[in-house]
Each structure stands twice: as C-alpha cells, then as structure tokens.
Amino acid sequence: MTSRFTLHLKRLCVGPLAVAALGCTSLSAQAPGAAPAHLAKYREGVDWAAAGDEAAQLLSGYLQVDTSNPPGNELLGAQYLAGVLEKEGIESELVEHRPGRASLIARLRGDGTEAPLCLLSHIDVVPADASVWPKGKGPFSGTIDEDGMIWGRGALDMKGMGAIELMTLLLLKRQGVPLRRDIVLLAVADEEVDNFGAREIAEKHWDKVGCSHLVNEGGLGIRDLFIEGQTIFAISVAEKGLLWVRMVARGEAGHGSTPIPGRAPDRLIRALGKLAARQDDPYVTPALYQMLAEAGDHAGGIEGFVLKRPSLVNLLVMDRLLSNPPARAAIVNTVSVTGFSGADSVNVVAPEVSAQLDCRLLPGTSPATMLAQLHGIIDDPEIELQILQASPATENGWDDPFYRALVRHALEGRPHAAAGPVLSPGFTDSIFFRRRGVKAYGLVPFEVTKEEAASMHGRDERVSVQNVRDGVRVLFRAVVDVSAAGPST
C-alpha cells in the first residue's frame with residue numbers, strides 16, 4: 001500500500017535516487033536486546049488471560065470511584081487500592097495532603113542490590129459531563145460492554161495504567177519473584193490541577209520512595225501515527241517546561257457606547273494579536289530524531305531512508321510536522337490563550353482585563369527567557385505579565401536497561417509496531433522526580449487508534465480488555481527483566 005508519506009515525497013518531486021544522492025548521515029535503530037534468559041521462569045509463569053481479566057475487573061471498580069478534580073476526593077481512590085493490596089497481604093500507607101486528598105505508597109521488598117523501581121500513576125481524573133456519554137456507559141460506570149471495552153473517565157488517563165501497575169505488584173507477590181530491588185507502587189493525588197501530590201511526595205516523603213527509575217504516563221501505542229499500518233509506541237524521556245502567565249491590561253474605564261482607543265480591552269486584543277503572529281524556529285530534539293529513525297527503520301523503503309536521516313527530516317518532513325498541531329507542539333515553543341476575565345457589565349469598559357497564557361517550552365528555553373520574549377513582542381508598558389507557575393523542561397537519556405525492557409516487551413508479538421523516545425509536549429508528575437535524579441519513562445502500554453487516544457479529557461473515554469491484558473504482560477515482564485534476582489540467586 002502506498003502511504004500518505006510516500007505520496008508527500010512524490011509531490012515534492014523527490015525520488016529515491018535524488019534522495020540517495022544527498023548522502024546524508026543516518027541514525028541507527030536501537031535494538032532493545034533479548035530478555036534475560038535466566039528469568040524466563042518468572043516472565044512465563046503467569047496465566048495472562050486470567051491476570052488481564054482480573055486487572056480489567058480491578059479497573060472497572062476503580063473507574064466507579066469518582067475522583068474528579070476538582071474537588072479530587074483522591075482519598076477514596078487510595079482506599080480502593082489499599083483494600084485490594086490488603087487482601088494480598090501487601091502493606092500500604094496513605095499520605096493525606098489535604099482533607100480528603102491522599103496519595104498511596106506500597107512496597108514489595110527486594111534485597112537492596114539495586115535502588116527501588118517506582119510504578120507511578122495519579123488517582124485524580126478530569127471532570128466529565130455524563131449527559132454526553134452513551135447510556136449505560138457513563139464516566140463513572142466502569143461498564144465492560146459486549147465488545148470488550150471498559151468505559152469511564154480515567155480509562156486511559158490514567159486509572160488504566162494504575163490498574164496494570166497494581167496487577168504487576170500482585171503478580172510479583174503471588175509468583176514469589178525474588179527481587180534485587182524494592183518495587184514501589186505510588187498513586188498520587190492532584191496531577192490534573194496543581195500536582196501537589198507528587199510534589200509533596202518528592203519534597204517531604206522521599207525517604208518512603210527513593211527510587212532510581214520510574215514508569216509513568218507520557219506515551220501510548222498509536223496506530224497509523226506516521227505511516228499507515230504501523231503502530232508507534234512513544235516512550236516519553238523528556239517533557240517541555242512551562243510558563244503560566246496572567247496577562248493583565250489596564251486603562252481608563254468608560255461607557256461601552258463610545259469606543260476609545262487605548263482602553264484595557266483594546267490593549268489586550270492588540271497584545272494577543274502580536275502573540276498570535278509570533279514565529280518560533282522549530283527545534284527537533286534528539287529524542288524525536290531517534291523516534292523517527294525507529295519508525296523509518298521499521299517501515300523500510302523511501303520512507304525509512306528519509307526518516308533515519310535528520311537532514312532529510314529537516315528538508316522534507318518539517319513542513320508536515322509544523323502543519324500538524326500535536327507534532328508542532330513537540331518542536332516549537334508554544335503560547336496558548338486558555339481564558340479571559342475582567343468584564344462585569346456589557347455596557348461598561350472595564351479598567352482591567354486579563355488573559356491566561358499557557359506557554360510550553362523546549363529544552364534550552366528557560367521560563368525567564370520566554371518571559372523576556374513575551375515582553376519584547378507585546379511592547380506595551382500598560383500590560384503586566386504575572387507569573388502563575390514556571391518550570392524548566394526536564395529530560396533524561398534512554399540508554400538504560402529499563403527503557404530497553406519497556407521497548408522489548410511493548411514490541412513483543414507486534415511485527416507491525418516500532419518504539420522510540422519522545423519529548424512530551426505536556427508535563428506530568430515525572431518532572432518532580434527527574435529533579436531528584438530519577439530516570440523517568442512515560443509509557444502506558446496500550447495500543448489505540450487516534451480516535452480512542454483523543455477520548456482522554458473528552459467524551460467516551462474507554463480502553464479494551466485486550467489492551468489491559470497486553471498491558472499487564474508488557475509491564476510485568478519489563479519489571480521482571482530489571483528487578484528479578486533470578487532462580488539461582
């Protein structure tokens with residue numbers, strides 16, 4: 001089948017010989033290596049269908065616990081997880097950050113040969129309007145329908161991951177896997193709003209975690225992401241920084257019947273127009289170049305030749321990346337207007353109005369640098385930029401056994417798939433742990449369509465039982481590869 005990518009190259013009148021003549025340096029695909037043979041006993045000693053179905057039932061119950069944030073009520077979700085762990089004889093601790101808002105920490109002890117590995121998720125979910133969901137498949141129904149889909153807010157973001165992490169801990173305990181490191185299950189409050197759960201765990205309760213590596217949300221397996229018929233498992237190794245700003249414009253109040261230039265709303269509109277016209281040079285991170293190389297190596301042909309060569313990506317693919325909003329967000333500093341405030345009466349020109357700006361920053365651009373750029377573009381002394389929150393980008397490398405284990409098992413049995421590292425345009429709780437020196441990898445090991453992925457934070461969020469089964473297998477095997485001591489130890 002001819003892919004859209006091949007057609008794109010043909011429209012550019014670039015044939016294989018012309019491309020080859022450029023002689024550009026290529027990136028090599030990174031083989032994940034074989035799973036440790038001496039640990040096969042633990043990797044294979046599980047009834048995966050039964051384990052996956054049990055995880056699906058756990059997820060169904062978890063989705064029925066309403067932890068919409070605001071207000072959160074994550075204590076209810078933490079208690080649900082703690083109840084499951086207690087039945088298995090696994091102790092856990094609830095850390096209550098605010099009334100009714102708690103995180104959970106549970107631990108399976110290893111021999112301490114290596115630093116702990118953390119399985120991280122967040123308990124809270126974004127609000128959902130039940131009236132726009134299908135009947136009987138509401139956001140807090142946890143319904144498992146006749147097609148094997150599990151419905152509910154958080155199925156993908158991210159109670160689904162929380163359920164397979166929980167199941168991984170249960171299987172390690174049931175299988176009696178000897179561990180050379182502790183495995184810490186950490187489910188935190190308030191990821192969707194202020195991140196106080198992860199932040200306070202990292203700052204005040206680090207002695208209860210102390211991990212060197214973690215897996216968290218950040219990437220999914222997306223079908224047809226770059227090339228038709230190919231699934232890409234994107235593993236987040238970096239996240240853009242952020243600068244959240246309230247842009248305040250001030251001027252004389254007045255009657256709405258007589259437009260007068262220079263009043264606060266006019267200043268705000270003019271400033272927003274300047275920001276909308278800004279142009280930012282694209283920057284493709286090493287992680288994205290490597291991801292494209294992995295996709296290209298898997299695809300082969302002319303697509304593969306181009307995608308494995310950064311200079312050809314810049315020449316032939318950049319326009320396509322820039323025209324796609326999610327891809328563009330991964331290669332430029334972005335400024336999004338997310339809301340307005342200030343007008344109280346329709347016939348009164350307010351003396352002060354404001355807009356909220358959500359700026360996401362590539363590695364190498366600090367919040368201070370971005371703030372200076374905004375001031376320079378706006379160039380209005382009557383506009384004040386108030387910083388609401390700021391954080392630089394965080395990143396870690398991917399030349400690591402745990403990263404390779406995640407790739408290895410995500411691709412196992414999937415000849416149609418490739419996997420590679422990416423920078424996430426958004427941020428997750430991983431940023432607080434990377435600051436502690438933790439190697440954080442973002443992967444929810446589900447294989448979904450673009451439409452299914454778009455249901456996160458939207459309507460009809462769901463995940464298949466088969467994905468839960470496969471996800472348990474991927475995560476458990478990856479954890480065993482880097483944590484099990486082995487039968488002879």
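The values are calculated or read from the model by the stated rules, or taken from the named source; none is laboratory data. It should be emphasised that the depicted structure is a prediction, and the values quoted were computed from it without experimental measurement. Please note: Cβ atoms are built from the backbone with ideal geometry, for glycine as well, and neighbour counts cover all protein chains shown.
Before moving on, here are some points about what is shown:
- Residue match in the stretch 135-142 (condition: crowded, with 18+ Cβ neighbours inside 10 Å, within 24 Å of Gly219 (Cα to Cα), at pLDDT 95 or above and among the polar types (S, T, N, Q)): no
- Val448 being farther than 30 Å from Arg109 by Cα and either surrounded by fewer than 24 Cβ atoms within 10 Å (Cβ to Cβ) or of a type in the set (Gly, Ala, Ser) (or both): yes
- Any hit, the stretch 173-184, residues being hydrophobic (A, V, I, L, M, F, W, C), over 22 Å from the mean Cα position of the chain (by Cα) and buried (at least 21 other Cβ atoms within 10 Å of the Cβ): yes
- Here is the figure for the stretch 248-271: residues that are β-branched (Val, Ile, Thr) and surrounded by 18 or more Cβ atoms within 10 Å (Cβ to Cβ) total 1.
- Matching helices (runs of 4 or more DSSP H) fully within the stretch 420-485 where at least 1 residues are farther than 27 Å from Arg199 by Cβ: 450-453, 465-483
- Against the list (1) within 17 Å of Lys173 (Cα to Cα); (2) surrounded by fewer than 19 Cβ atoms within 10 Å (Cβ to Cβ); (3) of a type outside the set (Gly, Ala, Ser), the condition Pro70 fails is (1).
- The condition of being under 21 Å from Ile201 (Cα atoms) and touching a residue at least 12 places away in the same chain (Cβ under 8 Å) holds for only one of Ile431, Ile387, that being Ile431.
- In the stretch 324-337, residue surrounded by the fewest Cβ atoms within 10 Å (Cβ to Cβ) [restricted to those that are of a type in the set (S, T, N, Q) and at pLDDT 95 or above]: Ser336
- Residue tally, condition within 14 Å of the chain's Cα centre (by Cα) and assigned to a strand (DSSP E or B), over the stretch 209-248: 13
- Selection count, the stretch 114-129, where residues are touching a Ser or Thr at 6+ places or on another chain (Cβ under 9 Å) and over 18 Å from Phe433 (Cβ atoms): 4
- Of all positions in the stretch 272-282, none carries a residue that is crowded, with 23+ Cβ neighbours inside 10 Å, farther than 18 Å from Ser323 by Cβ and in contact with an Asp or Glu (Cβ under 9 Å, 6 or more places away or on another chain).
- Extreme residue, surrounded by the fewest Cβ atoms within 10 Å (Cβ to Cβ), among residues of the stretch 287-323 that are touching a helix residue (DSSP H, G or I) at 6+ places or on another chain (Cβ under 8 Å), within 16 Å of Gln30 (Cα to Cα) and among the small types (Gly, Ala, Ser): Gly304
- Any pair with Cβ under 8 angstrom, 6 or more apart, that starts in the stretch 53-68 at a residue that is of a type in the set (Phe, Trp, Tyr) and ends at one that is crowded, with 24+ Cβ neighbours inside 10 Å and assigned to a helix (DSSP H, G or I): Tyr62/Gly77; Tyr62/Leu81; Tyr62/Lys159; Tyr62/Gly162; Tyr62/Ala163
- Taking first residues from the stretch 91-105 that are in a loop (DSSP other than H, G, I, E, B) and partners that are among the hydrophobic types (A, V, I, L, M, F, W, C), the Cβ contacts under 7 Å between residues at least 6 apart in sequence or on separate chains come to Glu91/Ala106; Gly100/Leu75.
- Identity of the residue in the stretch 440-461, in contact with a helix residue (DSSP H, G or I) (Cβ under 7 Å, 6 or more places away or on another chain) and either among the charged types (D, E, K, R) or modelled with pLDDT under 95 (or both), that ends up farthest from Thr231 (Cα to Cα): Arg459
For (1) within 27 Å of the chain's Cα centre (by Cα); (2) more than 30 Å from Ala253 (Cβ to Cβ); (3) at pLDDT 95 or above, each residue gets a yes or a no:
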site: Leu268; (1), (2), (3): no, no, yes
site: Leu272; (1), (2), (3): no, no, yes
site: Ala276; (1), (2), (3): yes, no, yes
site: Tyr289; (1), (2), (3): yes, yes, yes
site: Leu307; (1), (2), (3): yes, yes, yes
site: Pro310; (1), (2), (3): yes, yes, yes
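- Residues that are under 30 Å from Asp379 (Cα atoms) and without any contact (Cβ under 8 Å) to a residue 12 or more places away in the chain do occur in the stretch 279-296.
- Filter result (touching an Asp or Glu at 6+ places or on another chain (Cβ under 8 Å) and assigned to a helix (DSSP H, G or I)) within the stretch 170-195: Leu170, Lys173, Arg174
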